[in-house]
Amino acid sequence: MNTRARVFAGTAHWAFVVISIAVLWYGFQIVFFSIYAMWAQTPRIVSNPAVLDEFAYGSTPAAVRWTLTTFAIYTGLLLASTRAFHGVGLRQLVGPIPTAWHEFWRVSLYLIPIYALLTVPSLFEPEAEQQFGVAEWLSLLPAILPLLFIQISAEELVFRGYLQSHIAALTQHPIIWMGLPSFLFGLIHYDPLTVPYSAWAYVAWATCLGLVCADLTARSGTLGPAFAVHFINNVGALVILAADDWLYGAALFVWPMHGLAWEPWIPFEALLLVTVWLSARLAIRR
């Protein structure tokens, strides 16, 4: 049994896996829509309903900030569940904090040049549209970056910190304890408003990203490397160069998709994922 699975060894049960997923899914709906309903009735929103559309698409910096903040709901629900069912807190989910912190920064330093090399040239393509001056964009970052970390940490705590480690205490087969949480991670990225084959292609990509984070978590024993991969990826995709379909309101540049399918990007994204995976492995090599 790997070290992370030992945290759940005495309390692991498939019923808790199912119950925890239900708590996260339905609990988020209840909390989020309760807050949303009250917010939608405030005088500012009633007098300017266009703000609701901005929030739905994440088309302004404020909408991005609020959307990223909502992921704290997942973290709160998860910590309540793990404490109630397993007596496990945040430190056990993350792993040894000094090690996680060190590996987060180490992996980040390895990945930043890679993302810069692959992303910066796209900024000079005629399709890329700059939506902020550099000074204005930089002024957004002190608020956006911590909230972005809240978003990625919520997902990593759920899928790698809890589900992967919990399922690893129930079965020794990596294809299950790594594959199942990674597929569920991919599944939450399914967009029913997109053409099905394109939506499922994106699910496959997100599943592969989940597998990268799963492997790094298993090898490291902490969530530090997974935090780094997820954070650097999302900085590139949401803060530097974002597609104009969702959550692009704080990006320096926007790439207009015009409803185009996502599949043409698959070779590029596959190459990026393999490069990121190997580089992160090298970064945590002891």
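Could you derive backbone 3J(HN,Hα) for the stretch 110-124 from the dihedral phi with the Karplus parameters 6.51, -1.76 and 1.60 (θ = phi - 60°), listing whole Hz in sequence and x where the residue is Gly or Pro?
Those phi angles translate into 6, 8, 4, x, 5, 5, 5, 4, 8, 9, 4, x, 5, 5, 9 Hz.
To the nearest 0.05, how large is the calculated FRET efficiency for Ala128 and Leu90 if R₀ is 30 Å and r is the Cβ-Cβ distance? Don't skip to the end; give the middle numbers.
Details: r = 39 Å, r/R0 = 1.29.
That gives a FRET efficiency of 0.20.
Could you pull out every residue, at least 5 positions away or on a different chain, whose amide H is within less than 5 Å of the one on Asn2? Hs are placed 1.01 Å off N in the peptide plane, and Pro or chain starts have none.
Amide H to amide H, under 5 Å and 5 or more residues apart or across chains, Asn2 pairs with nothing.
Just rank Ser165, Ser153, Ser47, Ser198, fewest to most, by other beta-carbon atoms within 10 angstrom.
Ser47, Ser198, Ser153, Ser165
As a test of the formula, what do you get for the chain when each DSSP H run with n ≥ 4 contributes -39,500 (n - 2.57) and the sum is divided by the residue count, at 222 nm and rounded to the nearest 500 deg cm²/dmol?
Values: 14 runs with 191 residues, N = 286.
Helix-only estimate at 222 nm: -21500 deg cm²/dmol.
If contacts are Cα pairs under 8 angstrom and at least 6 residues apart, what is the relative contact order of the chain in percent?
Values: 357 pairs, mean separation 80.8, N = 286.
After rounding, I find 28 percent.
If you stretched the chain out fully between Trp101 and Tyr36, how much longer would it get, using 0.36 nm times the residue separation minus the C-alpha to C-alpha distance?
Full extension of this stretch gives 20.0 nm more.
Measure nothing fancy, just the Cα-based angle from helix 14-40's long axis to the longest principal axis of the chain, in degrees from 0 to 90, nearest 10.
Around 30 degrees separate the two axes.
Between Val120 and Trp14, what is the FRET efficiency for a Förster distance of 45 Å, r being their Cβ-Cβ separation, to the nearest 0.05?
0.45
Just in the stretch 90-140: which chymotrypsin sites (Phe, Trp or Tyr not before Pro) are loop by DSSP and have at most 12 other Cβ atoms within 10 Å?
For chymotrypsin sites (Phe, Trp or Tyr not before Pro) across the stretch 90-140 that sit outside H, G, I, E and B with at most 12 neighbouring Cβ atoms in 10 Å, the list reads Phe124.
Taking 0.36 nm per residue of sequence separation and subtracting the Cα-Cα distance, how much length would be gained by fully extending the chain between Arg285 and Leu141, in nm to one decimal? Please report the intermediate quantities before stating the final value.
Values: separation 144, 0.36 × 144 = 51.84 nm, distance 3.13 nm.
Between Arg285 and Leu141, full extension yields an extra 48.7 nm.
Taking the number of other C-beta atoms within 10 Å as the exposure measure, put Cys213, Cys208 in order starting with the fewest. Walk me through the numbers before you get to the answer.
Numbers: Cys213 31, Cys208 17.
Sorted ascending by nearby Cβ count, the order is Cys208, Cys213.
Which whole number of Å³ per residue matches the convex hull of the alpha-carbon atoms in the chain?
Residue-normalised Cα hull volume stands at 139 Å³.
May I ask you to sort Met257, Met178, Met38 by Cβ crowding, counting other Cβ atoms within 10 Å and putting the fewest first? Please report the intermediate quantities before stating the final value.
Working: Met257 15, Met178 21, Met38 9.
Final ranking by Cβ density, sparse to dense: Met38, Met257, Met178.
Separation between the Gln172 and Leu271 pseudo-spin-labels, each 7 Å from Cα along Cα→Cβ, expressed in nm?
Result for the modelled spin labels: 4.1 nm.
Taking K and R as +1 and D and E as -1, what net charge do the other residues with C-beta under 12 Å from the C-beta of Thr222 add up to?
With Lys, Arg at +1 and Asp, Glu at -1, the net is +3.
List the residues whose amide H sits under 5 Å from the amide H of Ala243, counting only those 5 or more places along or on another chain, with H placed 1.01 Å from N in the peptide plane.
Here Trp255 satisfy the definition.
Measuring from label point to label point, each 7 Å out along Cα→Cβ, what is the Arg44 to Ser198 span in nm?
Placing both labels 7 Å beyond Cα along the Cβ direction yields 3.3 nm.
Please report the spacing between the Cα centers of the stretch 229-250 and the stretch 163-211 in Å, no decimals.
Computed from Cα coordinates, the inter-centre distance equals 20 Å.
No value in this document is a laboratory result; all are computed from the given coordinates. Because the structure is a prediction, the values reported are computed rather than measured. No Cβ is skipped: glycine too gets one built from the backbone with ideal geometry, and neighbour counts run over all protein chains shown.
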